Each structure stands twice: as C-alpha cells, then as structure tokens.
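So the structure is just underneath, and the comments pick up after that.
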Amino acid sequence: MATQLPIFPNATSLFVHSGNILNWDRLKKRPLQTPKDEFIECIKETVSAHIETTEQTALQYETELNCVHSEFKEVVPKEDRSELKLTVKIFLYHPQPPSVVREAVEKVLDELDVDYIETLLLSWNGEFDEEESEVELKLKHVKPFWEVVQQLYEEELLLMPGVSDLDNELLEELYKWATVKPCINQVNLASCCVMPPELIEFAKESEIQLLTHSDPKDLFPSKTLQEVISSCSTKYDGQNWTTEWAVCYSVVVKCRGIIQKKGNMVKARRPPRQALLENEAGCSDSH
Amino acid sequence: MLLNNYRNNDETFSFSLTLPFFLSFFLSFFLSFFLSHCANIYLSIYLSPCETKKKADHVRKHGVKQFINQYNKLKDRQKDVLYWGDEVEYMLIRFDHENRLGQLFLNSSQLLQALQQPEFQSPGNTPTLWRPEYAGYMVEGTPGSPFGGLMAHLNLVEANMKLRREEIRKLLGPDEVPMCITSFPRTGCPNFVYPSHKPQPQSEESFSRSLFFPDAAIHSSHPRFKTLTRNIRERRKEKVAINIPIFKDKNTMSPFVEDFSEYGDTGEASTAAKPDHIYMDSMGFGMGCCCLQLTFQACNIGEARLLYDHLAPICPIMMALSAASPIYRGYLSDYDCRWSVIAQAVDDRTREERGLEPLKNDRFLINKSRYDSIDSYLSEMGRCYNDLDLVYDKEIFEQLRDSDIDDLLAQHIAHLFIRDPISLFSEKIHQDDTKDTDHFENIQSTNWQSLRFKPPPPNSNIGWRVEFRPMEVQLSDFENAAYVVFIVLVTRVILTFKLNFMIPISKVDENMVTAQKKDAVREGKFYFRKDVITANSPPEAAECVGCCEVIKQRIDEEYTLMSINEIINGKDDFPGLIPLVNKYLEYSECDVDTRCTVLQYLQLISNRASGKLMTMAQWTRKFVLTHADYKQDSVVNENITYDLLVECEKIASGEKPCPELFFNLSVQPLSFFFCLFSTLQLIYSFSQLITFCCLFKPPLYL
C-alpha cells in the first residue's frame, strides 16, 4: 500500500457543522439509527464533503479546518424568529475548561445567525476527575460550567438553562446553589415511565421540567472523533485530536409541532505538528 | 381569570376562543347546521323531498358562490397554529341481567338535554361538548376546546375521553352504560332496542320502511335524521340495500338465503338481498355505527391540501388497524369494518346514476355512494396520481375556474356538487352569499368521504382544516387516544420529514376494499409507496408543474404491496411509520409524563400491526367462535351478545384486563396519575403551560 500523505497536516483546530440534517434523505431512510450513529455519520459526511470540495494544496496549509456542509447550511430567518424555538444541547468532555460553553454558544449563534437561544442544556460526559477513575459527577464539577451559563443568561443570550441526566441529589444541590436556577433536567427515555418519585416531587416543587432524551452520555468522545476523521482522510490526519465540545441543536415551529431544523456540530483541537514531531523525536530518543 | 390567561397569550393561542370556534372546529355533518340554528331549531320546517329536489339547483348555485367568496377571503390566510380534536361516538347500552339481555338504550334525546346543560349555561366554557348522532341510542362527544401544538397536549386527550365517559355514566342508571362499539352485533334483530319497537315497513308514515330498523331507533329530538332517512330512500326511488358477505361456518346455511316474508317483505328485500350475504335495508344500519374521527388545523391552505393528500393512502391502513365490527344483524360477516355498510346505507343514487339503466332523467353516472373514499388529490404533486375518471359538474367547474380557483380544487368542489341536497331548512333558502355558507355546507357535509377538506367557517378565527374519518372506534379510552395521537404525530412527521405517501388514487380505493376484509390487518397486502422520503416534495410543489409526465412514466414502479406490519413497523428497505414517529419524537422536546404515555400508545399501534395484539374485530370473532352457545352457524344470538357486551364493559371500565387487546392500564402509573386530574385542574395546568410558553419570547419583548 502506498504511503498515504496527510491531507491537512497543519490543522490544529477543527469545526464541523452538518447543516440541517432534515434534508439528508439518507438519514431519514434509517430512522432506527441511534443518535450516536447518526451524529457520527453527520460529522463524517460533512468532513468528507469538505475535503472533496476544497483544493488539495489549500488544505495542506490550512491550520483551522472549518467544515460546514454548505449544501445543507441554513440560517434562521429573522422574520420567523418569534415563532421558532431553538434548543441547544452541549456535550462536555473532561478536562475541557468551562469557557467551552461560551465558545459553543457563540458559535451556534453565529452559525444560525440568531441573537439568542431559547433552551440551553448541558450534558457532562462519563469521567470528571483525573485522580479518581469513574468518579461520580459532583457539584464541584458542575459549578464552573454553570457560572458561565449564568453569565450567558445575564447577557440575554439564552432564556432557559437546563441540564441533562442529573440525579435528584445533584439537581437539588445545583438548584440551591445557583443564582440562575436550572429550568430543565433531561432524563433518558428508558426511564421515562419509571421515574424516581422524589425526582418528580422535587422537579414539581422547583418548577423544573423533566424532559426526555435518547442521547448517550459519551456522544462523541475524542477516540470516536479520531476514528471518524481517519476514516475520511488518512490515519495521520486522524491522530491526536481532542473533542472540545459537541452540540446538537433543533429549531421547532412552536405552535405547530414541526421540527424545522436539526443539526450537529463539533469542535476539536490538536497540538501543532511541530510539537508532535518534537514529542515523537523525544520518545524515540529515549528508546 | 384562567380563561383570560388563555386568551391573552397571543403567542401560543393567537385568537380569542369565541363560541363559534369551540363549536365549529370539529363539526361536520349534522352539527354545523344544528349549531348555528340552535335557537330556532324547533320552529323550522323541513321541505318535502319533492321541494328539496326542486331547490337542488338553487342550493348548488349559491353553495358554489358561497365557496368562491370564502375562498377569496381566506385563501391567503397564513401561519395558523396546529389545533386538533377528536370526536368519539358512544352507544348507550342497557343490561337486563335477570333475562341476560343487552340492548341499545333509546335515551339519547333525554341524555343530551342533560349533557348539554353546562354548555348552554356557560357556552365556550365547558371541558366537553355533546352532539346528537343518527340513532336514538347514540351520542357524540368532543373536547370543549381543541388541543394545541405542544407535545404536552398529547397527554390531555385520554383524560378528556375519560371525563366524557364519566359525564354520561353519571346521568345513566345502574345497568345502563355508554360503550364505544363500532357496530352493535344485533342491530335490526328483534328486541335490539329498549324500549322495544316494531318496524313498520308497510306504513306510509315510516321514514325508512325498514323490515328491521324501526323509526323509533332514529334520533328524534332533531328532525334532520329522519328527514335524511326518508329523502335518501325517496331520491333513490327504493330502499337502500346493504349486502355484506356472511362468514361461512360449518353449519351455516348454504347458500345463505333468508326468507323475509315473516318481516313483512313484499318482494323488495328478497330481490335486493344477495345470496351468501347479510342483507340490511336502512340508513340506520350504517349511520347507527360509531366511529372515531379527528380534525386538525393546517397553517395555510397549501398545508391543508398537502396533508389531505398524504393522509389519503393512510386511510385504508388505519381502517384495517382499527377494525372493530365483524357482526351485522346477528350474523358473523366476512368483513371486519363498517365502511361499506355505511356506504351502502346512505347510497341515494338512482338506478340511472348507478349505471343500471341508461341516463335519462339524471345528469351523471356516479361511481360511488355519498359515503366513500375520496376521488382526487388536491395538491400539485397529487395531480400526477389522480387516475380516477372524476365525475364532476362541468358548469360548476367552469364557474370556479372563472373565479381563479385552480383546476384541482375546482374539480374537487365540482365533484362534491354532483350530489343533490338531501335536507333543507325552509327559512334557510335565501341567504347572503357573501356572508353565509349554509348552502355550501349542506352539500359538503353530506359528502361523507374518508377525508374532508374544510374551508374556514365564516366569521370565525378558524383556519383551513382536514378531517380524518376512516377509523373505527375502540373499546377503551386508552385505545382511542392511542389511535388519535398516532395520526396527529403522523401529520407532524409528514411535515417535518417532508414525506410523500402518494400512490395512484385508484390503488388507494383498492386498498379500501382490502382493508375491510376479515383479518386484513394480518393478511391483507396493501399498495404503498416504496420510497416515502423524497427530496423534492416541498409543501407548495409549484416546481412540479409539467413534471407529471415524467412521474407517470415510472409511476407503477413507485409502489409495491406491503403488509400492515411492514408499513407500520418497517422492513429492510422501508423505514416504517412507527420508527419515523420515534425519530420525530427523538428530535422533539417532550416531558417525561407525555413521553411515557405516547410510548405506550405507539406500542399499542405497533403490536396491533405486528399481530402481537388483536384488533377489536379479531377479539370479537374469537369471543363468538369460542362461546359455548355458538353453533357454528354464523348466528350471534342474544345470549352470546349479552356475554360479549358484559365482557366489553368490564374491559372498557378497567375492571378486567384484556392482554389480548391491550396491556393493562394499571401498570401505567404516570398517565393514570394524569387521569385523576379534574377538568378544572386540567385547564389550570394548561394555562400554566401557556404562561410557561411566554418564557420563550425574546427577553426584550417580555
């Protein structure tokens, strides 16, 4: 097999936006696909399309890869804005800093050409602490992210903040501590008929909506991201990427129950090539 | 105060909920007339059939003008929100446990007076609405106001249905119950009604002249129903003749031919009855059946036309899936659905119009009864699939075209207008065509088709609507809610994913025939579109003009035969309606309680389609065939009927689980919790929900 040359060796940041996937006929033909597989397919297709439609030499020098599916990208028309409701769910990955929340929100606002988000939901991925493995999500982990949410709320960039998959205890802690209270807690579809009564009770008292979702917590971890990128470029191109955040959004026509747009985004980063090479050199020295 | 809250929120509920809105949102058929003339109803006199016929041209002429005026006023209406509501019909059953009898209870006039009391006292302010239906043992209930476009509204319908049943129950005696039965097994048999009445086939006074169905079983507090019965018979120039194939069992007489002389037949019945068929001879056998309908509002006329078209192929599928009526006049039939019984029961076509004699006095050869499946699609895309030779009034068509109404809509209206009016109020003949629509409604509401395209009523804030009419009513509120919610979700899925269900409309008709047959849900094969996902079917497919020729060339490759299970649950190369609905739900925001309820509704539909659960028709058949008193002769006697009704009542009231039909309600803690809400609380939680919606406004506007 001929050696595959990297397609975008200088890229250190990657942003992918699928555009409105309601117009992707292939996805609709397979409604049984899991949200995770669907997300993967969206990202893969969008990156492939970008590579195919961009000139090879330009890609060689690109440091910031911006893969937006231009065929499916749609902005929210200003005149319809008041009839629409935009929901954004951000998947957070350890050990990304809380600033990714703001970055993700600003990116969504920019991509969809809107001034605010109706509902913002935060979802924390599996592991949170380097020292302890598989540690439970605790208030101390949530706090710094929620502080960013509160600022965004104060800046009127979002109207209803919410969280995903918090158990009753943590939800109560967050509620007590927060100045801008969570309005929503998403729970997994699997448990929607067997909800713990104390969670229902607490949600009712504190006017928190309990909504369902069917997303996995680890929607798009770095490992999956790396595999996806490799599969549509080269093995080298896929290496060393870290997922900074992933976003699913939907735009609903409020009073008609029609989903107008649904899309996915992901933001990733990797160290510059130089640093990697030096690192590799260092490694081989030690052998 | 709560209602003010409701009303003032211009964002979610963007119009004032005025009385006419409540009343006419769902209304079809009898009701639109009835309601707008409540006050003078008893004063009005119906015209004789002869006079009615003379006035037919007058009604048609002005009816079309009224439509044109309404159309021009309202064709550009935009951005109406989703509203939807169901209509459930109930039969009143009276048990005589001592004599092991279950009879239809002729009490609807009295019952309705009591049921409508709250509405008359506080119009527009009640959680339920009640209307008369054809038979004196029937009532129709709808929610007091339509449900809206939020997911949480899907969780209100079952509770409202329960409330409706409860309202009737409270007014009845201990052995009298409301039941959701599509067709009563022994309609037309001796003693099927209480108090008992004998038919008067020979009497000049008799409206139906039926050998089996006494006039006393027709609803009597409003003259309309009896008038329709008489006028249909007189227009046809003979009694209606309903023939449904009998289910041939081991000991069934063969050929199955009945002697009607003991009923007082003078030859008409023995001539009209077909061998090996169950023969019936009155409108009551059809219009005395109950069904489950729903109406929803589209955002504009284009969306209404689009949904009308894509729902047409869904009609036969939902009919087979809701099949609930295998017994007629005390005999097991080979059909599972009521459809063709009603179609024949109100068939007012003359022999000329039916093609039995050459056209001499009548104007058209008409292929279908007034009650049947639709004959044409209305959207631009649908044009290519309109392969039936549409019978329509050319003059009316030209009149509509001259008023700038496009040919598809014009031919639909001109098709409805081939019918004569079959009942008229004397004082309603002269109308202001720029304001009234009664003449249009007269024709429109006596075209009982599988779907109805409904223009906005005058002086209201209601938009363009579509009524979905093929479904049979289910025993329990849970099942009825499930079917209704499923269709509401299917409409949302069609619009969200831009699906296309269209096949040649002649194939939809073939499916309608298949759907009624015994066990069609498991054994029937239906024409259905192979690829429902199409990139180029935007709501206003104006781009498609001229593309028909291309589509027509490959039209027969676009569909194939599928089972209900494949259509509903999907197969390798077909996504399936349930998976598509689930995908839509995955993309939407839904609270846990509603989601849990909807999950169970979809499970019911999915399991009925796959055969894991029985339809009401299958279950009823099984009940009869395994009853100790059944003699394998297709006869469903009083004793079997009594046991069947007792069992049905236990299942519907939740007293006895029936895992063959649906899973046990008591294992649904959450939706059960919801049912405990009283109506006021419901309205209250509604208003909270709406207040909640305010939060979605941009902060600057708060």
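Taken together, the values in this text are just the output of simple stated rules run on the coordinates, not laboratory data. Keep in mind that this is a model prediction, so the values were computed, not measured. All Cβ positions, even for glycine, are placed from backbone atoms using ideal geometry, and neighbour counts span all protein chains on display.
Normalise the Cα radius of gyration of the stretch A:1-109 by 2.2 N^0.38 Å (N = residues in it) and let me know the number. Walk me through the numbers on the way to the answer.
On the way: Rg = 16.5 Å, N = 109, 2.2 N^0.38 = 13.1 Å.
Compared with the compact-globule rule of thumb, the stretch A:1-109 sits at 1.26.
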**Q.** At R0 = 45 Å, FRET efficiency that the Cβ-Cβ distance of A:Ser231 and B:Val513 yields, to 0.05
**A.** 0.35
Q) Percentage of Cα-Cα pair distances in the stretch B:15-480 greater than 36 Å, rounded to whole percent? A) 26 percent
Q: Return one number: the angle in degrees, 0 to 90 and rounded to the nearest 10, between the long axis of the Cα atoms of helix A:168-177 and the longest principal axis of the Cα atoms of chain A.
A: 80 degrees
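If you stretched the chain out fully between B:Ile429 and B:Asp276, how much longer would it get, using 0.36 nm times the residue separation minus the C-alpha to C-alpha distance?
On the way: separation 153, 0.36 × 153 = 55.08 nm, distance 4.55 nm.
Additional length available on full extension: 50.5 nm.
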(Q) If R₀ is 51 angstrom, what is the calculated FRET efficiency for the pair B:Asp531 and B:Asp175, using the beta carbon separation as r and rounding to 0.05? (A) 0.40
Q: Give the long-range amide H neighbours of B:Lys517: residues separated by 5 or more places, or on another chain, with amide H under 5 Å away, using H modelled in the peptide plane at 1.01 Å from N.
A: B:Asp336
Q: Could you give the spread of the C-alpha atoms of the stretch B:144-216 along their three principal axes, from largest to smallest, in whole angstroms?
A: 56, 30, 21
Q: Return a whole-number percent for the relative contact order of the stretch A:76-286, with Cα pairs under 8 Å and 6 or more residues apart as the contact set.
A: 22 percent
**Q.** Cβ charges +1 (Lys, Arg) and -1 (Asp, Glu), total dipole of chain A, debye
**A.** 860 debye
Q: Take the alpha carbon atoms of the protein assembly as shown, find their radius of gyration, then divide it by 2.2 N^0.38 Å using N residues; give the quotient.
A: 1.03
Q) Do the sum for chain B: with -39,500 (n - 2.57) for every DSSP H run of n ≥ 4, divided by all residues, what is the mean residue ellipticity at 222 nm, to the nearest 500 deg cm²/dmol? A) -11500 deg cm²/dmol
**Q.** Label point at B:Leu365 placed 7 Å out along Cα→Cβ; residues across the stretch B:314-353 whose backbone nitrogen lies under 18 Å
**A.** B:349-353
Q. Separation between the A:Arg30 and B:Ser221 pseudo-spin-labels, each 7 Å from Cα along Cα→Cβ, expressed in nm?
A. 5.9 nm
**Q.** Length added when fully stretched, B:Ser653-B:Thr560, from 0.36 nm per residue minus Cα-Cα
**A.** 29.4 nm
**Q.** Inter-label distance for B:Lys394 and A:Asp167, nm, one decimal - labels placed 7 Å from Cα along Cα-to-Cβ
**A.** 7.9 nm
Q.
What are the extents of the Cα atoms of the stretch A:76-286 along their three principal axes, in Å, largest first?
A. 62, 44, 33
Q: With a cut-off of at most 15 other beta carbons within 10 Å, and DSSP calling the residue loop, which GluC sites (Glu not before Pro) in the stretch B:84-167 qualify? Please list them.
A: B:Glu98
Q: Note down the relative contact order for chain B as a percent, whole number, built from C-alpha pairs under 8 angstrom at least six residues apart.
A: 19 percent
Q) Distance in nm between label sites at B:Glu357 and A:Leu139, each 7 Å beyond Cα in the beta-carbon direction? A) 9.0 nm
Q: Could you pull out the GluC sites (Glu not before Pro) across the stretch A:1-84 that fall in loop regions by DSSP (anything but H, G, I, E, B) with no more than 14 other Cβ atoms inside 10 Å?
A: A:Glu55, A:Glu71
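Are there chymotrypsin sites (Phe, Trp or Tyr not before Pro) in the stretch B:262-369 that DSSP marks as loop and that have at most 15 other Cβ atoms within 10 Å, and which are they?
Working: sites: B:Tyr263, B:Tyr279, B:Phe285, B:Phe296, B:Tyr308, B:Tyr328, B:Tyr331, B:Tyr335, B:Trp339, B:Phe364; in loops: B:Phe364.
Within the stretch B:262-369, the qualifying chymotrypsin sites (Phe, Trp or Tyr not before Pro) (loop, at most 15 other Cβ atoms within 10 Å) are B:Phe364.
Assuming R0 = 35 Å, what is the FRET efficiency of A:Val75 and A:Ser191, from their Cβ-Cβ distance, to the nearest 0.05? Don't skip to the end; give the middle numbers.
Numbers: r = 36 Å, r/R0 = 1.03.
Here the calculated transfer efficiency is 0.45.
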**Q.** Contour minus Cα-Cα distance for B:Glu523 and B:Asn251 (0.36 nm per residue)
**A.** 95.4 nm
